[in-house]
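What follows is a short report on a single structure.
No value in this document is a laboratory result; all are computed from the given coordinates. Just so you know, these numbers come straight off a predicted model, no measurement behind them. Cβ placement follows ideal geometry from the backbone for every residue including glycine, while neighbour counts extend to all protein chains displayed.
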Amino acid sequence: MFIVFLRNILIPRYPLCGCFRTRRLCTANTASFIVTALTRKSSSKIDSTSFGYCILLELLRMLLILLNSEKESTRTEINRIDQAEKQSPMVGVAVALFRVPPVSTNRHSEWEILLVERGQEPGKGMWSFPGGKLEFGETLSEAFLREVKEETGLKPTIGPIFGVFDSFFSNREGKLEYHFVIIDAIGFVPSDAKPVPADDVHDARWFKVDRALKLENCTNGLTQAIERAVSLLERGQVQIPTFAP
């Protein structure tokens, strides 16, 4: 706004500033512009103050061009990185989180498992395990804990990894848009644990395992992952933690 203000004042008053109206100088021509201006000044009646304003305006204009160019370069680089990520498989983590009942039971199909309804793409509006993208420099254990806490507010006890799955998401035209390699782990929380959905999660809800297996609006591979996790529990291959009442 300051530059526009100066131009509105100076251009009508000083002939030299009129060049801003008739010539669109690029940054590379700024030096030649100043040399020309110096020549014109020597043969004109423009006072030094007016001449200085004109040179200042040109330098400021050059600075704006450079800043805009830098913004465009940054935006282009961000778009390039985003496109590269979409074209390369990304590593994600997810947790099959069970609520341990207060009374021990061998019928694990009656246990409750936590599912979240995704609030953002990919998989917006679908039910899935709490989880997300593995961050740079982060261990798997850290990622499991972080994702569950971020999406539900819960602090689980993480058990073993029980599977690695491919997860594909296509756009409305049927074109593949995302490819995740999801690493799944089993997790446990006490029977009174209550999830609090995060901003990027529409809902977080406990489901009986039998009901969760019948959900239709879920991410691909979720049913198979639940079945595999429950199978490990039923065969006694996972140590179930004990929580204080």
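Highest mean first, what order results for 111-123, 228-240 on Cβ atoms within 10 Å?
In descending order of packing, they fall as 111-123, 228-240.
Fully extended, how many nm does the chain gain between I55 and D210 (0.36 nm per residue separation, minus their Cα-Cα distance)?
Contour length minus the Cα-Cα distance gives 48.1 nm.
What is the stretch 86-245 by shape, rounded, prolate or oblate, if you read a ≥ b ≥ c off the alpha carbon gyration tensor as root eigenvalues and call it rounded for a/c under 1.5, prolate for a/b larger than b/c, and oblate otherwise?
On the way: a/c = 1.66, a/b = 1.55, b/c = 1.07.
Prolate, since a/c reaches 1.5 and a/b exceeds b/c.
At 7 Å along Cα-to-Cβ for each site, give me the label-to-label distance between V196 and V164 in nm.
According to this spin-label approximation, the distance is 3.6 nm.
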